[in-house]
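Contents: one structure, followed by commentary.
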């Protein structure tokens with residue numbers, strides 16, 4: 001299974017601060033900052049949104065839930081999460097404070113996917129967020145029907161903002177489709193597929209690194225050959241996770257002048273979902289078109 005390997009879920013302990021909810025707004029909790037942004041874009045001034053995982057500089061695989069998160073979920077009218085084994089801690093927290101008034105949007109269910117899938121990073125698929133946004137809009141309208149028209153207009157604005165992103169993907173697919181790249185994890189695999197790029201990394205290697213398992217020596221050897229022989233146009237790495245294996249491969253890529261592109265699991269601050277995906281796509285384009293590395297998004 002992919003996703004987070006949690007050290008534990010802390011539902012007890014000392015009191016923790018909970019952000020106030022603005023009067024007249026719907027309290028929303030999103031497991032990941034990218035889903036929180038979509039909820040804000042759709043809900044506008046009628047939502048107060050909290051993101052549980054919001055640190056792009058932290059390893060999400062070691063995330064632990066604090067008492068404040070449990071309190072936020074307890075009062076939430078709407079919860080948005082990824083599912084697919086990525087943020088199972090949310091189900092534990094929700095079960096600890098059941099509420100018939102709480103609605104839950106799970107991206108994996110919205111997409112009609114199996115509970116267990118090899119790659120849980122669903123937000124990198126260009127088709128995911130429009131469907132999730134639609135589900136959010138539907139639940140917000142049920143919670144607050146007096147502002148149904150407002151939420152529908154905000155959803156239309158969100159969909160309009162996706163037009164430029166889809167156009168950018170089509171442009172890069174026409175320009176770079178078929179190029180070979182390597183990855184350390186399957187974080188951005190859905191986006192790479194949309195761009196028409198060929199991922200030369202064995203999926204077994206990607207899954208092992210994602211799940212904190214030592215990759216098979218033959219798979220490590222495959223990556224080393226790809227990079228040292230410059231048989232790929234770029235190496236895409238998880239910017240939030242490192243291990244001795246990934247550090248070695250990153251160094252090998254640098255020595256072979258294979259450009260390195262940082263991909264994030266958690267949306268960096270200062271971005272919307274659309275601008276974040278655009279920044280990642282542009283970083284890939286710089287690597288493929290000009291041989292330039294992007295080791296950090298700003």
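The values are calculated or read from the model by the stated rules, or taken from the named source; none is laboratory data. Small disclaimer: the values here were computed from a predicted structure and weren't measured. Because the Cβ atoms are built from the backbone with ideal geometry, glycine has one as well, and the counts that use them run over all protein chains shown.
Name the residues in the stretch 54-105 that are outside any helix (DSSP H, G or I), under 23 Å from residue 185 (Cα atoms) and out of contact with any helix residue (DSSP H, G or I) (no Cβ under 6 Å at 6 or more places or on another chain), would you? Full working, then the answer.
To start, the set of residues in the stretch 54-105 that are outside any helix (DSSP H, G or I) comprises 54-59, 63-66, 76-88, 97-105.
Keeping just the survivors that are under 23 Å from residue 185 (Cα atoms) gives 54-59, 63-64, 81-88.
55, 56, 57, 58, 59, 63, 64, 85, 86, 87, 88 - these are the residues of the stretch 54-105 that are outside any helix (DSSP H, G or I), under 23 Å from residue 185 (Cα atoms) and out of contact with any helix residue (DSSP H, G or I) (no Cβ under 6 Å at 6 or more places or on another chain).
Which one is surrounded by the fewest Cβ atoms within 10 Å (Cβ to Cβ) among residues in the stretch 121-153 that are within 21 Å of residue 73 (Cβ to Cβ) and out of contact with any helix residue (DSSP H, G or I) (no Cβ under 8 Å at 6 or more places or on another chain)? Looking at residues that are within 21 Å of residue 73 (Cβ to Cβ) and out of contact with any helix residue (DSSP H, G or I) (no Cβ under 8 Å at 6 or more places or on another chain), I get 142.
State all residues of the stretch 106-121 that are assigned to a loop (DSSP other than H, G, I, E, B) and in contact (Cβ under 8 Å) with a residue 60 or more places away in the chain; if no residue qualifies, say none. Step through it out loud before you land on a result.
To start, the set of residues in the stretch 106-121 that are assigned to a loop (DSSP other than H, G, I, E, B) comprises 111-121.
Within the stretch 106-121, 116, 117, 118, 119, 120, 121 meet the criteria.
Can residue 175 be described as over 16 Å from residue 278 (Cβ atoms) and modelled with pLDDT of 95 or more? No; evaluated as a whole, the condition is false for this residue.
In the stretch 170-203, the qualifying residues are those that are over 18 Å from residue 282 (Cβ atoms) and assigned to a loop (DSSP other than H, G, I, E, B), and the one that is nearest to the chain's Cα centre (by Cα) is 186.
Every residue, every condition in (1) more than 18 Å from the chain's Cα centre (by Cα); (2) closer than 30 Å to residue 298 by Cβ, yes or no:
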| residue | (1), (2) |
| --- | --- |
| 86 | no, yes |
| 90 | no, yes |
| 106 | no, no |
| 123 | no, yes |
| 151 | yes, no |
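Of the residues examined, residue 232 is not one that is farther than 30 Å from residue 42 by Cα, in the same structural domain as residue 184 (by TED's automatic domain parsing), touching a strand residue (DSSP E or B) at 6+ places or on another chain (Cβ under 9 Å) and free of Cβ contacts under 8 Å to residues at least 40 places away in the same chain. Select from the stretch 241-259 the residues that are part of a loop (DSSP other than H, G, I, E, B) and either buried (at least 20 other Cβ atoms within 10 Å of the Cβ) or touching a strand residue (DSSP E or B) at 6+ places or on another chain (Cβ under 6 Å) (or both) and list them in ascending order. Listed by number, the residues that qualify are 258, 259.
So if I check each of 168, 204, which one is touching a residue at least 60 places away in the same chain (Cβ under 8 Å) and within 30 Å of residue 232 (Cα to Cα)? Let's see the steps before the verdict.
Numbers: 204 fails: touching a residue at least 60 places away in the same chain (Cβ under 8 Å).
Residue meeting the stated conditions: 168.
Kindly check whether there is at least one residue in the stretch 58-65 that is over 14 Å from residue 265 (Cβ atoms), assigned by TED's automatic domain parsing to the domain that holds residue 153 and either surrounded by fewer than 22 Cβ atoms within 10 Å (Cβ to Cβ) or modelled with pLDDT of 60 or more (or both).
Of the residues in the stretch 58-65, the ones over 14 Å from residue 265 (Cβ atoms) are 64-65.
If we keep only those that are assigned by TED's automatic domain parsing to the domain that holds residue 153 as well, we get 64-65.
Subset that is either surrounded by fewer than 22 Cβ atoms within 10 Å (Cβ to Cβ) or modelled with pLDDT of 60 or more (or both): 64-65.
Yes, there is a match, as at least one residue in the stretch 58-65 is over 14 Å from residue 265 (Cβ atoms), assigned by TED's automatic domain parsing to the domain that holds residue 153 and either surrounded by fewer than 22 Cβ atoms within 10 Å (Cβ to Cβ) or modelled with pLDDT of 60 or more (or both).
With respect to the conditions (1) under 30 Å from residue 134 (Cβ atoms); (2) surrounded by fewer than 19 Cβ atoms within 10 Å (Cβ to Cβ); (3) outside the structural domain of residue 37 (by TED's automatic domain parsing), residue 157 falls short on a single one, namely (3). Just to be sure, is residue 237 surrounded by 13 or more Cβ atoms within 10 Å (Cβ to Cβ), in the same structural domain as residue 277 (by TED's automatic domain parsing), farther than 25 Å from residue 109 by Cα and under 19 Å from the mean Cα position of the chain (by Cα)? Taking the combined requirement at face value, the residue satisfies it.
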